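A short reminder: the numbers here are calculations on the coordinates, not readings from a lab. What you see is a predicted model; the values in this text were computed from it and never measured. Backbone-built Cβ (ideal geometry, glycine too); neighbour counts: all protein chains shown.
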There are 2 protein chains.
Amino acid sequence: MVELKNDRFLRALLKQPVDTTPVWIMRQAGRYLPEYRATRAKAGSFMDLCKNADLASEVTLQPLERFDLDAAILFSDILTIPDAMGLGLYFAEGEGPRFKKVITNRRDVEAIGVPDPEEELGYVMNAVRAIRRDLNGSVPLIGFSGSPWTLATYMVEGGSSKDFGKVKGMMYDDPIAMHLLLDKLAESVTSYLNAQIAAGAQAVMIFDTWGGLLTPQAYKEFSLNYMQRIISNLQREADGREVPVTLFTKGGGPWLETMAETGCTALGLDWTINIADAKARVGEQVALQGNMDPCVLYGSADTIREQVSKIIADFDGNSGHVFNLGHGIHQHINPDNVKVLVDAVHEFGRKSD
Amino acid sequence: MVELKNDRFLRALLKQPVDTTPVWIMRQAGRYLPEYRATRAKAGSFMDLCKNADLASEVTLQPLERFDLDAAILFSDILTIPDAMGLGLYFAEGEGPRFKKVITNRRDVEAIGVPDPEEELGYVMNAVRAIRRDLNGSVPLIGFSGSPWTLATYMVEGGSSKDFGKVKGMMYDDPIAMHLLLDKLAESVTSYLNAQIAAGAQAVMIFDTWGGLLTPQAYKEFSLNYMQRIISNLQREADGREVPVTLFTKGGGPWLETMAETGCTALGLDWTINIADAKARVGEQVALQGNMDPCVLYGSADTIREQVSKIIADFDGNSGHVFNLGHGIHQHINPDNVKVLVDAVHEFGRKSD
């Protein structure tokens, strides 16, 4: 086992002393980087890239070569589980993810099984192992999954959606079918994340991209309860260290208190909440990750530095903060601006007393 | 002047005694109604329908013939102002609104003027007058406008957007240009709504569809401040009655307190907040409108009745509540389910002591 050279990210999540605020960026390995686009072109389709462990590792490490980032995140997609369930994930040019088969009723839900992570999702575990090998202890590796509710939205809608009428329609019209689907997804996500941890992920994150479109009551019943069940069943130690779990519901600002009660280590915040308010509400229980508006990166270097400085000042704490954007980086961002952001975080970041 | 037969809607907004909870539905005149689709086919394009006062009045009244609704809302589009500024609004099939010209920089902003509502937007005022004539005092008529920030998003993006990178990019990169644009829009919206009130609108609503994608700080600076300025300059009396103003920021749940301080009469709520919590936070200052998840209408009659009953029980007050969905009705909803909703509101609604 190689010793971890930079463990600032893991320490901040666990509220242990840090020398400055750590930073990583959602979708840091992505289309805004020309070197990513080059590897992607070489690989073939997006899924071909995900399924080639060496190329997945190559793109995972690309942003670390450019920027002083404190964590790497597995290069993969949140929809690997429904794909492994036989729905046939593909990416239509300019249209985002699509499924060949969709879930339309209770019979469809009954027909799907829980994938074995080392079998149907073995390519993800191979990527985890390749990335850990290539990182060689430089920074920790984050594994991840979509939340059951978020996976269900794509499985029922067949892809992205404007108003989520199909999946929410099923939820209101046949809640038993929806719970059966979410049950299977929660079991799948649990074994998937545990396999990532066994393969080398040193922290994990659950992306609940679409929990924020639910009512408070439905959020608790159809999204949060399943994430809580997953968190309770995760393997929370690896390499003799605690494995932190970060929970991110986009639009979940109003529900941070209940989210913090799931047993997660940290909450991811989008940009619609002030991090000072979030800390006042849940900062005793959990660490916080976030939360700069991704669009700030369209601004000047001065604007970026000012916004970074403001968020760190608003957090106003010695540890327990991982800097990030409030959502994934946009594809048209100039990489030079990302360097300004990362360096500003370390410059303005807080050293523990 | 014809006397208003059903003024339950206006009374609830002003927290005066009511015999039951009033209800109307955002986009109640729309594609889910076969009679709307027939009139729309007869009119030609969507804008042709908006510009024909008699046909606009016809579709405005259609839902009132089917359902026991307590208000009518002007049939128009939120993007009439940018269209009158010369941007050339059109609707591409299945793609939503688009503009032929877009605002890309400060020079573009400087070049646009403030439209005269009785000239460039005279067709809207003609529709207001025709609808008032045809309503013949049955229920009040609501006028409306998009908020300056929401109009700006479409003007800069050229239409709907996934991540609003262009408009938020301009906001972060050239805030002076953005403020100049919002200044012109605030002035335009003010005179537009005042002209609607002069023409016969008995209540008005400001739709801030995209304010919820801003940070708390940017929301205040780039959206709320301009809406507050509009509200301060509205003509608040017509036909010897107060003209209530409802402010609706989709995703604005976290900011209700500052929204209530604008001088508006009521706040529109989307479905991501419990109305009991909203009432506890701002119910002394303003009335509340909302807030059933539009997707509940995909459920059974029992589910719809249960959700209506729950929202009315959660509001737990004698007046000050206008029932509505938390956003516009979806086009694939069965009109029979709308009848179930409307009747349930009046059945479970609260009669003032």
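Just to check I understand the Karplus step: with θ = phi - 60° and J = 6.51 cos²θ - 1.76 cosθ + 1.60, what whole-Hz values come out for the stretch A:69-80, glycine and proline as x?
7, 9, 7, 10, 10, 2, 7, 6, 10, 6, 9, 5
How many angstrom separate the Cα center of the stretch B:122-173 from the Cα center of the stretch B:70-96?
6 Å
With a Förster radius of 35 Å, plug the Cβ-Cβ distance of A:Q235 and A:E257 into 1/(1 + (r/R0)^6) and report the FRET value to the nearest 0.05.
Between A:Q235 and A:E257 the formula returns 0.85.
Treat every Asp and Glu Cβ in the protein assembly as shown as -1 and every Lys and Arg Cβ as +1, leave all other atoms uncharged, and give the resulting dipole magnitude about the Cα centre to the nearest 20 debye.
Dipole of the protein assembly as shown, to the nearest 20 debye: 520 debye.
Could you give the distance between the Cα centres of the stretch A:311-353 and the stretch A:11-29, to the whole Å?
9 Å
Rounded to the nearest 5, what is the percent of antiparallel bridges among the DSSP beta bridges in the protein assembly as shown?
Percentage antiparallel, nearest 5: 25.
Once label points are set 7 Å from the Cα along Cα→Cβ at both B:A92 and B:E306, what is their separation, rounded to one decimal in nm?
Simple spin-label model gives 4.2 nm for this pair.
Could you run the Karplus curve 6.51 cos²θ - 1.76 cosθ + 1.60 with θ = phi - 60° over the stretch A:206-212 and give me ³J(HN,Hα) per residue in whole Hz, x for Gly and Pro?
Here the 3J(HN,Hα) series is 10, 9, 9, 4, 10, x, x Hz.
Calculate one ³J(HN,Hα) per residue across the stretch A:253-260 by plugging θ = phi - 60° into the Karplus curve 6.51 cos²θ - 1.76 cosθ + 1.60, and present them in order as whole Hz with x for glycine and proline.
x, x, 10, 4, 4, 6, 5, 5
Counting only C-alpha contacts under 8 Å and six or more residues apart, can you give the relative contact order of the stretch A:61-102 as a whole percent?
Computed over the stretch A:61-102, the figure is 23 percent.
On average, how many beta carbons from a partner chain sit within 10 Å of the beta carbon of a residue in B:128-137?
Average neighbour count from other chains, rounded to a whole number: 0.
Output, in nm with one decimal and in ascending order, the distances from the B:R129 label point to the matching label points of the other copies (7 Å from Cα along Cα-to-Cβ).
Relative to the other copies, B:R129 has label-point distances of 7.9 nm.
What lysines could a cross-link reach from B:K351, if we take a straight Cα to Cα line under 28 Å and drop same-chain neighbours fewer than 8 places away?
B:K5, B:K15, B:K279, B:K310, B:K339
Taking just the alpha carbons, could you work out the radius of gyration and Dmax for the stretch A:311-353, both in angstroms?
In Å, with Rg to one decimal and Dmax whole: 12.0, 39.
Measuring label to label, 7 Å along Cα→Cβ, what does B:E237 give against each other copy in nm, shortest first?
For B:E237, the inter-copy label distances come out at 7.6 nm.
List the residues, sorted by chain then number, that are 5 or more residues from B:G268 or on another chain and whose placed amide H is less than 5 Å from its amide H.
It is B:L247, B:F248, B:T249, B:Q289, by chain and number.
Distances over 20 Å make up what percent of all Cα-Cα pairs in the stretch B:1-137?
That fraction is 56 percent.
Specify the inter-centroid distance of the stretch A:218-266 and the stretch A:42-63, based on alpha-carbon positions, in whole Å.
If we compute the Cα centre of each part, the gap is 28 Å.
Peptide B:185-193: average number of partner chain Cβ atoms within 10 Å per residue?
Across the residues of B:185-193, the mean count of other-chain Cβ atoms within 10 Å is 0.
Once both labels are modelled 7 Å past Cα along the beta-carbon direction, what's the A:K339-B:N225 spacing in nm?
Distance between the two pseudo-spin positions: 3.4 nm.
Compute the relative contact order of chain B as a whole-number percentage, counting only Cα pairs closer than 8 Å that sit 6 or more residues apart in sequence.
Relative contact order, chain B: 23 percent.
Taking beta carbons within 10 Å but only from partner chains, what does the mean come to for residues B:304-314?
Taking all residues of B:304-314 together, the mean is 1.
Between B:D353 and B:K101, what length comes free when the chain is fully extended (0.36 nm per residue of separation minus the Cα-Cα distance, one decimal in nm)?
Between B:D353 and B:K101, full extension yields an extra 85.2 nm.
In nanometres, what is the gap between the two model label sites at A:E3 and B:D108, each 7 Å from Cα along Cα-to-Cβ?
The two pseudo-label positions are separated by 5.6 nm.
Among A:W255, B:G137, A:M125, which residue has its Cα positioned farthest towards the positive end of the charge dipole of the protein assembly as shown, with +1 placed on the Cβ of Lys and Arg, -1 on the Cβ of Asp and Glu, and the dipole taken about the Cα centre?
Result: A:M125.
How far is B:P175 from itself in the other copies, in nm, if each label sits 7 Å out from Cα along the Cα-Cβ line, shortest first?
Distances to the matching label points in the other copies: 4.5 nm.
Sort the protein assembly as shown into rounded, prolate or oblate with this rule: let a ≥ b ≥ c be the square roots of the eigenvalues of the Cα gyration tensor; rounded if a/c is under 1.5, and if a/c is not under 1.5, prolate when a/b is larger than b/c, oblate otherwise.
prolate
May I ask which residue of B:A313, B:M205, A:A92 lies farthest towards the positive end of the charge dipole of the protein assembly as shown, with charges of +1 (Lys, Arg) and -1 (Asp, Glu) on Cβ and the Cα centre as origin?
The one lying farthest along the dipole's positive direction is A:A92.
May I ask which residue of B:L224, B:V345, B:V296 lies farthest towards the positive end of the charge dipole of the stretch B:197-353, with charges of +1 (Lys, Arg) and -1 (Asp, Glu) on Cβ and the Cα centre as origin?
B:L224
Given charges of +1 on the Cβ of Lys and Arg and -1 on the Cβ of Asp and Glu, with all other atoms neutral, how large is the dipole of chain A about its Cα centre, in debye to the nearest 20?
Result for chain A is approximately 280 debye, rounded to the nearest 20.
Based on Cβ point charges of +1 for Lys and Arg and -1 for Asp and Glu, what charge dipole magnitude is obtained for the stretch A:7-72 about its Cα centre, in debye rounded to the nearest 20?
Taking the Cα centre of the stretch A:7-72 as origin, the dipole is about 280 debye.
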